[in-house]
Each structure stands twice: as C-alpha cells, then as structure tokens.
Amino acid sequence: AEAQNYDISYQSGTLTVTKTDAVIITAKSYSRSYGDNNPTFDYEVQGAQLDGVPEITCEATKNSPVGTYTIVVKQGTVKNYNVTFANGTLTVTKAPLTISAGNYTKKQGDPMPTFKAVYNGFKNNENEEVLMKKPVITTTTATESSAPGSYSVTVSGAEAQNYDISYQPGTLTVTEAEVSDPVITLNGNELSISC
C-alpha cells in the first residue's frame, strides 16, 4: 500500500482450514439364491449431508457359485471431502432343488420299470450333470412277482455344490396280470387246452 500522509506497517494473519463434517457411506448387505439376479444395491449415509451419488459394484453374477462377495462402494459423483466408505457383503446361498422319484405302473410278473429321477429347480440352464453325486431311486418291497398294490419308491443320495436338495417319493402301482381265455382244440381223439 502507498499513502502520502501515512507511514504504513503490515501485520500477517492466519487462515485456518478445518476438516469438513465427516460423512460415512456404507453399502448395505444382501443375500440371494444361486442363479438369481443381483438385487439393486443401496447404501446408507451417516454424518453430514451427502453431495453426489456413490458408485456401488459387485463381481458376483447369476453364475457365481455359493459364497460371499464384496459389495464395493466408492466415490462416484460424491463431492464431499471428509468421506469414509464401508463395503457390504453379498451372500449367495444354495438354490432349492426338488428331486422326485416319479410314479410307475407295471403288471404282476412283468420286469421292474426303469426308475428315472425328475428334477425341478435347476438354474442357469443346468441339468443333473452338475450334481457331484447322482440320486439313487429304490423300492425296498416290490419285486417282479409282487402282488397287485401300491409300493413306495424313494429317492436319496444326491449332492450338489449350489443346490439345497429335497426329495419327493413316488409310487409303483402293480396291477393284475392279464389272464388269457383257454383255447380248446381237438386233434383226433386228443383234447388239448392251452392258456
């Protein structure tokens, strides 16, 4: 500064810069079944008013196996300075899978049918090939010669990495064997009867 009638001296001052009010952004945690789409991820804010929107990502997809995955929250368009980010967790649980023994019918004396499991609940276009152990279908009481009636068919023993397996028993229905009408033939003086 300059002045005609003044002798000027100067005195320095201080500008103190303090932290802005703290903001804590926490990604919410979620759980879903294997093969499902990820939920819409959200977050919670504590502290000062948030200016902007954080970015939230997770590496898990519909094909990701059972396990836990980090839900990452980061800056995005947030303009606050004193910000702390806290990640969340996505837990992928086993998907329900029902294995049914199926229902069968045979005549008394006929061979036992071929038992075949019926599946309901596979995800991602998967099939029984993804099972670590295939199910076993048995009927403990019925045989080829069993009398007409209903017999229980059970299924068990399957194992899978990404499926929670439940079982549904079936029924084997044994019907009466068909009896042919007798055929009587006369050959000369001999009478022959066949069934």
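Within the same chain, lysines fewer than 8 places from LYS106 are excluded, and of the rest, those with a Cα less than 24 Å from its Cα are LYS116. Judged by the ratio a/c of the largest to the smallest principal axis of the C-alpha gyration tensor, the chain counts as prolate, that ratio being 1.5 or greater while a/b is larger than b/c.
Normalised per residue, the accessible area of region 66-187 is 61 Å², obtained with a 1.4 Å probe and no contribution from ligands, DNA or RNA.
Across region 68-181, the relative contact order, built from alpha-carbon pairs under 8 Å that are at least six residues apart, equals 31 percent. The charge dipole of region 123-171, taken about its Cα centre with unit charges on the Cβ of Lys, Arg, Asp and Glu (plus for the first two, minus for the last two), comes to roughly 80 debye. Taking θ as phi - 60° and the Karplus parameters 6.51, -1.76 and 1.60, the scalar couplings of region 66-77 work out to 4, x, 10, 9, 7, 9, 8, 10, 9, 3, x, 9 Hz in sequence order, x denoting glycine and proline. For region 1-54, the fraction of C-alpha pairs farther apart than 19 angstrom is 64 percent. Tell me which of GLY102, ALA142, SER33 sits at the most positive position along the dipole axis of the chain, charges placed on C-beta atoms (Lys, Arg +1; Asp, Glu -1). With unit charges placed on the Cβ atoms, the residue in question is SER33. Converting phi to 3J(HN,Hα) with the Karplus coefficients 6.51, -1.76 and 1.60 and the offset θ = phi - 60°, region 33-41 yields 7, 4, x, 8, 6, 5, x, 6, 6 Hz in sequence order, with x at every glycine or proline.
Between their Cα atoms, which of LYS28/LYS133; LYS28/LYS79; LYS28/LYS134; LYS94/LYS134 are more than 28 Å away from each other? Listed pairs above 28 Å: LYS28/LYS133; LYS28/LYS134. Using only side-chain charges placed at the Cβ, +1 for Lys and Arg and -1 for Asp and Glu, the dipole size of region 19-102 relative to its Cα centre rounds to 180 debye. Each Lys and Arg contributes +1 and each Asp and Glu -1, all at the Cβ; summed about the Cα centre of the chain, the dipole is approximately 220 debye. Using 0.36 nm per residue and subtracting the Cα-Cα separation, the extra length available between THR57 and ASN127 on full extension is 22.2 nm.
The values are calculated or read from the model by the stated rules, or taken from the named source; none is laboratory data. The structure displayed is predicted, hence computed values, not measured ones. Backbone-built Cβ (ideal geometry, glycine too); neighbour counts: all protein chains shown. Note: accessible area is taken over every heavy atom of the protein model, side chains too, but ligands, DNA and RNA are not part of it. Shrake-Rupley method; radii C 1.70, N 1.55, O 1.52, S 1.80 Å.
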